Amino acid sequence: MASNDEIFKKIIAHAKEYGFIFQSSEIYDGLSAVYDYGQNGVELKNNIKDYWWRAMVRYHENIVGIDSAIFMHPTIWKASGHVDAFNDPMIDNKDSKKRYRADVLVEDHLAKLEEKINKEVEKAAKRFGNAFDEAQFRATNQRVLDNQAKVDEIKHRLYKGLENNDLADIKKLIEDCEIVCPISGSRNWTEVRQFNLMFSTQMGSISEDANTIYLRPETAQGIFVNFLNVMKTGRMKIPFGIAQIGKAFRNEIVARQFIFRMREFEQMEMQFFVRPGTELEWYEFWKQERLKWHLAMGLGEENYRFHNHEKLAHYANAAADIEFRFPFGFKELEGIHSRTDFDLAAHQKYSGKKITYFDPELNESYVPYVVETSIGLDRTFLALLGNAYTEEKLDDGSERVVMKLPPALAPVKAAVLPLVAKDGLPEKARQIMDTLKYDYNCQYEEKDSIGKRYRRQDAIGTPYCITVDHQTLEDNTVTIRERDSMKQDRIAISEISGIIAERMKMGEVRGKR
Ligand code: ATP
């Protein structure tokens, strides 16, 4: 069986070969951690956005959307804390000249120790068979206990160092753990320094008047600074939410794992404004609601898990990630954060404008509390891509690669294929195309054998192929081939649209309150 690493490489190659994702500026040797979406990628991406927008904005009557500018007043990033604290600790290896995130080096080291413990447990489980008591083994085996003690101590030091900004101790921790550079193999490290992740640029053409502004590192602040505008013009009553989809930029120190960590990416965020004191109830509500949204895509319940944060950001009173099992392990896909009144109160202070809501039921004004849901569009794309990629051996001995994407999200919904490019079949196929293409993204193809055309559609995840043959001209029927089962049925042309429509329904995303 191929390793996860090999499968991941195949997925990346497939994404390029079939027009999903290209390296940015490829003919100039690329730009690190920046990617372009190709002709099929953009369709899939738009469908994900649409699915999120419908589930959040259309489905909830008390959520509205906005589209704020990427450039914002620089004081916004002072108020939000990004200018002072949106940092990652970095360290360079003097021999390889490679730069790393210091905390990630330590976390990778921790993962190795945890792997050792798990191997020990697996070995024992095999040895003892049914009689194996894992909890007891973990509590008594000396090697496991020693490694666990090391893990606990390192974690404690790392978190303390990060919290107190004690960069010298994080450097010392790297030395004490004897962590080597994966490239040079040496322990010749620089000091640890803080690195701000925001990209900055100048606004205005005259340098004296130039003002440093930032490319937004999250879309959320565009929502907070429009809170009053939307509340007043939309006559919104608490609880209500504001949603936004848009680009965000972070100068990630270590950008890797394809579109998992990019320097330019897209977020789909929703800030839900609530009465203070009710935020934890809403936080639980949104955790469940968002999980339902993920599960409705059908990628398998076992591939998701919650990771509740123990160490909270200073402005949060509860936070969790929805993690997904990517080919490189469980990793964050979405964050759900109870952010208290931190952001609105900060903007009130820095702008000097009153940002409050008058609650008619309580007959008082307050700064609302906020529960945020923040999901990476590109990471959702990657989750779908990785999950859909399937290599199959067929009964006749041949092989196919099929992208088993949820039909509602697939880039192309149906391909219309004349069996041969003559005898009036292309004209008939074009007529069918014309009846479908306004409602569904369809493709017309007449080149190559029908088998080859089916394979090409499988490779981009098209749920249906509609084949027009000589019989079509006589009785207005076609064959419709389903992607996953490859089953072919003869149906009337008039039935096609209804069959596609039926498959485009998404699973259950309800749960309104
Ligand atoms: P990580 O810990 O992986 O860096 P984060 O906790 O900084 O992520 P948030 O600030 O909570 O991420 O951002 C919300 C969501 O935005 C994340 O759950 C993720 O899906 C997405 N995201 C964040 N950074 C990136 C990035 N560099 N590339 C792609 N998506 C990203």
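The values are calculated or read from the model by the stated rules, or taken from the named source; none is laboratory data. Please read these numbers as outputs of a predicted model, since none were measured by experiment. With ideal geometry, Cβ positions are generated from the backbone for all residues, glycine too; neighbour counts draw on all protein chains shown. Ligands, DNA and RNA are excluded from the accessible area calculation, which covers all protein heavy atoms including side chains. Shrake-Rupley method; radii C 1.70, N 1.55, O 1.52, S 1.80 Å.
Some observations on this one:
- Answer residue from region 368-402, given it is within 14 Å of the ligand (Cβ to nearest atom) and of a type in the set (Asp, Glu) and is surrounded by the most Cβ atoms within 10 Å (Cβ to Cβ) among those: GLU372
- Single residue of region 190-202 satisfying the filter (open to solvent by less than 80 Å² (accessible area, probe 1.4 Å) and out of contact with any Phe, Trp or Tyr (no Cβ under 9 Å at 6 or more places or on another chain)) that is farthest from GLN221 (Cα to Cα): THR190
- Within region 253-281, the set of residues being away from the ligand (no atom under 13 Å from the Cβ) and open to solvent by 30 Å² or more (accessible area, probe 1.4 Å) comprises ARG275, PRO276, GLY277, THR278, LEU280, GLU281.
- Scan of region 297-312 for residues that are surrounded by fewer than 18 Cβ atoms within 10 Å (Cβ to Cβ) and in contact (Cβ under 8 Å) with a residue 24 or more places away in the chain, ordered by number: GLY298, GLY300, ASN303, ARG305, HIS307, LYS311
- Listed by first and then second residue, the pairs linking a residue in region 47-71 that is under 18 Å from PHE272 (Cβ atoms) to a residue that is aromatic (Phe, Trp, Tyr), with Cβ atoms under 7 Å apart and 6 or more places separating them unless they lie on different chains, are ALA55/TRP293; ASN62/PHE240; ILE63/PHE240; GLY65/TRP53.
- Yes/no for ASP95 being touching a residue at least 40 places away in the same chain (Cβ under 8 Å), of a type in the set (D, E, K, R) and surrounded by 18 or more Cβ atoms within 10 Å (Cβ to Cβ): no
To keep it simple, each residue is scored yes or no on (1) at pLDDT below 95; (2) in contact with a strand residue (DSSP E or B) (Cβ under 8 Å, 6 or more places away or on another chain).
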| site | (1), (2) |
| --- | --- |
| ILE450 | no, yes |
| ARG456 | no, no |
| ASP469 | no, yes |
| ARG481 | no, yes |
| MET504 | yes, no |
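- Test for PRO327: is it out of contact with any strand residue (DSSP E or B) (no Cβ under 6 Å at 6 or more places or on another chain) and not assigned by TED's automatic domain parsing to the domain that holds TRP286: no
- Residue match in region 449-457 (condition: open to solvent by 30 Å² or more (accessible area, probe 1.4 Å) and among the polar types (S, T, N, Q)): yes
- The set of residues in region 17-49 being charged (D, E, K, R) and either in contact with a strand residue (DSSP E or B) (Cβ under 7 Å, 6 or more places away or on another chain) or open to solvent by 80 Å² or more (accessible area, probe 1.4 Å) (or both) consists of GLU17, GLU26, ASP29, ASP36, LYS45, LYS49.
- Residue within region 320-340 that is in contact (Cβ under 8 Å) with a residue 24 or more places away in the chain, open to solvent by 60 Å² or more (accessible area, probe 1.4 Å) and away from the ligand (no atom under 16 Å from the Cβ) present: no
- Residues being over 17 Å from ALA501 (Cβ atoms) and in contact (Cβ under 8 Å) with a residue 12 or more places away in the chain - total across region 421-434: 8
- Subset tally (residues that are farther than 24 Å from MET262 by Cβ and touching a residue at least 12 places away in the same chain (Cβ under 8 Å)) for region 160-180: 13
- Across region 350-364, not a single residue is classified as modelled with pLDDT of 95 or more, outside the structural domain of ALA459 (by TED's automatic domain parsing), within 16 Å of the ligand (Cβ to nearest atom) and over 21 Å from PHE306 (Cβ atoms).
- Members of region 224-252 that are within 16 Å of the ligand (Cβ to nearest atom) and either without any contact (Cβ under 8 Å) to a residue 40 or more places away in the chain or over 20 Å from the mean Cα position of the chain (by Cα) (or both): PHE224, ALA248
- Under the condition of being among the small types (Gly, Ala, Ser) and in contact (Cβ under 8 Å) with a residue 60 or more places away in the chain, the residues counted in region 358-373 number 0.
- Meets criteria (more than 16 Å from the ligand (Cβ to nearest atom) and in the same structural domain as ALA79 (by TED's automatic domain parsing)) for ASN211: yes
- Where helices (runs of 4 or more DSSP H) fall entirely within region 10-125, none has at least 3 residues that are on the phi > 0 side of the Ramachandran plot and outside the structural domain of VAL144 (by TED's automatic domain parsing).
- Against the conditions (1) open to solvent by less than 20 Å² (accessible area, probe 1.4 Å); (2) modelled with pLDDT under 95, HIS14 satisfies every one except (2).
- Just one of the numbered conditions (1) open to solvent by less than 50 Å² (accessible area, probe 1.4 Å); (2) under 17 Å from the mean Cα position of the chain (by Cα); (3) of a type outside the set (Phe, Trp, Tyr) is not true of ALA346: (2).
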